[in-house]
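The values are calculated or read from the model by the stated rules, or taken from the named source; none is laboratory data. What you see is a predicted model; the values in this text were computed from it and never measured. Methodologically, a virtual Cβ is constructed for each residue, glycine included, from the backbone with ideal geometry; neighbour enumeration extends over all protein chains shown. Accessible surface is based on the protein model in full, side chains and every heavy atom, while ligands, DNA and RNA are left aside. Shrake-Rupley method; radii C 1.70, N 1.55, O 1.52, S 1.80 Å.
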Amino acid sequence: MKRVVITGVGALSPLGHDWATVRARLKEERNVVQYLTAWDEYEGLNTRLGAPAAPFDLPAHYNRKATRSMGRVAVLGVRASELALTDAGLLGDPLVSSGRMGISYGSSVGSPAAIGDCGNMIMHKTTEGITANTYIKMMSHTAAVNIGVFFGITGRIITTSSACTAGSQGIGYAFEAIQSGRQVAMLAGGAEELDAIDAAVFDTLFATSTVNDTPHLTPRPFDAKRDGLVLGEGACTLVLEELTHAQARGARILGEIIGFGTNSDGTHVTQPNARTMAQAMRLALDSAAVPPEAIGYVNAHGTATEHGDLAETNATAEVFGRQVPISSLKSYMGHTLGACGALEAWMSLEMMRDGWFAPTINLTEVDSRCGELDYIGAGGRAIETDVVMSNNFAFGGINTSLVLRRWRD
């Protein structure tokens, strides 16, 4: 089996778009959740909280012609991919369009505004607002295909529209495509735009945080006084590459992906299952050929919903059989849905490279029903480890686990 390394990263996140900026925000132990006044107009919507991506500029070549098939989610994914290719030294390289590079990328949905245009047709019996690009913007694989067209990528394309695991499945399936020798390199990750429609979905499930007057105090993963999740937005693309190919071209190697596990609960659409969550982690450990004791840190999905927190932490405790260090980055930037698996894997890798892991903020009293784990608290934690795990769990009972290893020259 081929070894798979990370040679480039591009990210657009609520915390910033480069590791130095993100790390500074994590060190401040302060979230970026906002009260979104634009959501006040929606009758019946309880939450007003969200974490938009930090402002970013687009180069001149993102003109009307180039972006006419893109909603915001596709723009986020394409720009993150351009930054990743640049970081890897591959932007404009013949490899990109050779057929030896592919794409594995996801989002929960396409752009809600385009979906709304179709809804308007159903409600008002008019095609007003429907254009030749409406479907391209709304389809669930819009980010993946727009990335392919923008960069002329002709390798295999894997579209992972799997809600909260879209980004991590994107990375995992890209890992497997290279590991098996089917592709030499892959663009992998996920994207999501922030929209009131997404908030309304979780609102109807009583899963959103509604402490609208104190956005700095939410979300609170694992806390006894949690009141639900906060949505965010962003995108993250990793350039994955077969090791010998990366070495032959003198690429800078950021880290190595050594394990991936994914499965389904097969029990309920929205209620998580601790048993199959644990099995996904074991599948990843088996794939990586490392024992649980090798994992020095677990990046939790940690949404700050009651059922999710309880199932995940108890599953993690069962797998590791010890109080493994764990924290949730969603406490800083909210739940970025299709982007979270890629953003969190990248940030976990960078924290491992730094030897410092961020705490879960707003965690003052661990829910006694949560699993017995080492919940990283105020000040973060200096940990020297060569292997970390990043987990995500999605609606539909889709579970993923990634194992990443530090690269030592």
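Brief remarks follow.
- Shape category assigned to segment 1-60 from the gyration tensor of Cα positions, a/c cut at 1.5: prolate
- In terms of its C-alpha gyration tensor, segment 158-205 comes out prolate, because a/c is 1.5 or above and the ratio a/b outweighs b/c.
- Considering only 340, 370, 164, the mean-square fluctuation computed in a Gaussian network model of the chain, springs between alpha carbons under 10 angstrom, is largest for 370.
- P(r) of the chain over all Cα-Cα pairs, binned every 10 Å from zero, in whole percent: 5, 25, 35, 25, 9, 1, 0
- Shown for the chain: lysine pairs separated by 8 or more places, or found on different chains, whose C-alpha atoms are under 30 Å apart, numbering 7.
- Most mobile of 348, 98, 69 in a GNM of the chain (Cα contacts under 10 Å): 98
- Spin-label model distance (nm) - residue 62 vs residue 271, 7 Å beyond Cα toward Cβ: 4.3
- The chain - percent relative contact order, Cα under 8 Å, separation 6 or more: 23
- Per the Kirkwood formula applied to alpha carbons, segment 19-165 shows a radius of gyration over Rh ratio, Rg over Rh, of 1.01.
- For the chain, adding -39500 (n - 2.57) for each run of n ≥ 4 DSSP H residues and dividing by the number of residues yields -10000 deg cm²/dmol at 222 nm.
- Extending 7 Å from the Cα toward the beta-carbon at both residue 154 and residue 27 defines two label points whose distance is 4.7 nm.
- Per residue, the chain exposes 38 Å² of solvent-accessible protein surface, assessed with a 1.4 angstrom probe and all protein chains in place.
- Loop-located chymotrypsin sites (Phe, Trp or Tyr not before Pro) in segment 149-178 (DSSP state not H, G, I, E or B) with no more than 15 neighbouring Cβ atoms inside 10 Å do not occur.
- A DSSP coil position with no more than 16 other Cβ atoms inside 10 Å describes the following trypsin sites (Lys or Arg not before Pro) in segment 315-409: 322, 369, 408.
- Of the trypsin sites (Lys or Arg not before Pro) found in segment 57-124, the ones in coil according to DSSP and having at most 15 other Cβ atoms within 10 Å of their Cβ are 68.
- Springs between Cα atoms under 10 Å define the GNM used for the chain, and in it the highest mean-square fluctuation of 265, 386, 93 occurs at 93.
- Of the DSSP H helices in the chain, those that are both long (alpha-carbon extent of 20 Å or more along the helix axis) and hydrophobic (Kyte-Doolittle mean at least 0.0) are 72-88, 274-288, 340-354.
- Equivalent ellipsoid semi-axes - Cα gyration tensor, segment 136-264, angstrom: 34, 18, 13
- Each of the peptides 29-36, 129-136, 314-321, 217-224 was scored by the mean count of other Cβ atoms within 10 Å over its residues; in descending order, highest first, they stand as 217-224, 314-321, 29-36, 129-136.
- Selected from 47, 362, 325, residue furthest toward positive end of dipole (the chain; charges at beta carbon): 325
- In the frame of its principal axes, segment 279-362 has Cα extents of 32, 32, 24 Å, reported largest first.
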